[in-house]
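Peer 1: Below: one structure in structure tokens.
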Amino acid sequence: MANLKKIKTRINSIISTQKITRAMKMVASAKVKKFENKVKASRPFTYELEKVFYRLLHSIPEVEAAETHFKEPINNYPVLLQNRDIKTVGMLIITSNKGLSGAFNANLVRYTLKTIKEYHEQNKKCELFIIGQKGYNALKRAIEEYDFKITQTYLNFSETPTSSQARLAASDMAKAFINGDIDSMEIITTRFRNMMSYSVEKWDILPLDEIEEDYTKEEFSDMEIEPNISAMLSEIVPLFISSIIFQAMLESIASELASRMTAMSAACNNAEEMIQKLTVDYNKARQAMITQEITEIVGGSTAINK
């Protein structure tokens, strides 16, 4: 009887868990389609903005440092557009605040630590800007082993990425770049493929000479700039950096939801299999108990009749 009660309790527990995982799967399924549409709608804008940006740079003489006063560090295009020797790499790591999304955060952390190790082999230091509680929790435990610095964290960003959040991260990285704390700006994020897959990638932002080749293959015609080059660059450079970060955040949340949907679907299926197996075990144990009771009754009746 005790064994039957134990099996029954376990079945009920798994059923309760299955209800939670099924609900989480349904929520993720509903959200991932919305973010898939946002990602696909945003990609052409981001690409065209980058194309216009490089076309603009192609149309103007080489940018030199100036004595101009800028409202924010991210507007200081003369310094941001300078090519320099990379001694310290600035990396923006985009993870999630929530778990139960399969290997999503683990893949990002593993890729980040692998990249940091590769930079150390090139005698380059790393400073991290981390979006997401899960990434921060995992990476702070690896600081001593991998020797890097966590410069800034963003743990209170909403589930829906906004341009203001991207601008904040961009401003912090730009300030560190201008102050000389970092010599490059990179993003480690996930690129959303479809409902079933995503890939962890590293996106280069600055310095420009590392990525400009992808766009200079095209024939660019000269541009007429109004009101002047300085005003244009002081606005388009922050927009260029922020848009790449915003795109990375959109790709990340879509990948996270897709990973959670897949993980919760697998959890539901596993729960169903366990329920079926435990139900069979329960029925076998119950049948054995009934058989034993019948045997005892028959044996007692035989003894009385004798």
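No lab work stands behind these numbers, since they all come straight from the coordinates. Just so you know, these numbers come straight off a predicted model, no measurement behind them. Every residue, glycine as well, gets a Cβ built from its backbone with ideal geometry; the counts of neighbours run over all protein chains shown.
Peer 1: So what's the net charge close to residue 278: Lys and Arg +1, Asp and Glu -1, counting the other residues with Cβ under 14 Å from its Cβ?
Peer 2: Details: positive: 5, 6, 8, 10, 277, 284, 286; negative: 272, 273, 281.
So the environment of residue 278 carries a net charge of +4.
Peer 1: Taking H placed 1.01 Å from N in the peptide plane, check which residues at least 5 places from residue 126 or on another chain put their amide H under 5 Å from its amide H.
Peer 2: For residue 126, whose amide H was placed from the backbone, the distant partners under 5 Å are 89, 149.
Peer 1: If you place +1 on the Cβ of every Lys and Arg and -1 on the Cβ of every Asp and Glu, how big does the dipole about the Cα centre of segment 22-264 come out, in debye to the nearest 20? Display every interim value, and only then the final one.
Peer 2: Details: 30 positive and 34 negative charges, 411 e Å.
Dipole of segment 22-264, to the nearest 20 debye: 1980 debye.
Peer 1: Within a Cβ distance under 14 Å of residue 141, other residues only, what is the Lys/Arg minus Asp/Glu net charge?
Peer 2: Working: positive: 110, 134, 140; negative: 144, 145, 147.
With Lys, Arg at +1 and Asp, Glu at -1, the net is 0.
Peer 1: Compute the distance in nm between two label points, each set 7 Å from the Cα along the Cα-to-Cβ direction, one at residue 197 and one at residue 274.
Peer 2: For residue 197 paired with residue 274, the spin-label model returns 3.0 nm.
Peer 1: 5 Å is the cut-off here: which amide hydrogens, built 1.01 Å from N in the peptide plane, fall below it relative to residue 93, excluding neighbours closer than 5 in sequence?
Peer 2: Amide H neighbours of residue 93, under 5 Å, 5+ apart: 129, 130, 131, 188.
Peer 1: Across segment 246-251, in residue order, what do the Karplus-derived ³J(HN,Hα) couplings come to in whole Hz, using 6.51 cos²θ - 1.76 cosθ + 1.60 with θ = phi - 60° and x for Gly and Pro?
Peer 2: 4, 4, 4, 5, 5, 4
Peer 1: Select one label from (1) 22.9; (2) 25.6; (3) 19.8: the one whose number is Kirkwood radius over Cα pairs in Å as derived from the coordinates shown.
Peer 2: Entry (1).
Peer 1: Tally Lys/Arg at +1 and Asp/Glu at -1 over every other residue whose Cβ is under 13 Å from the Cβ of residue 175; what's the total? Spell out each step's value before the answer.
Peer 2: Working: positive: 71, 167; negative: 72, 127, 172, 181.
Within the 13 Å Cβ shell, the charges total -2.
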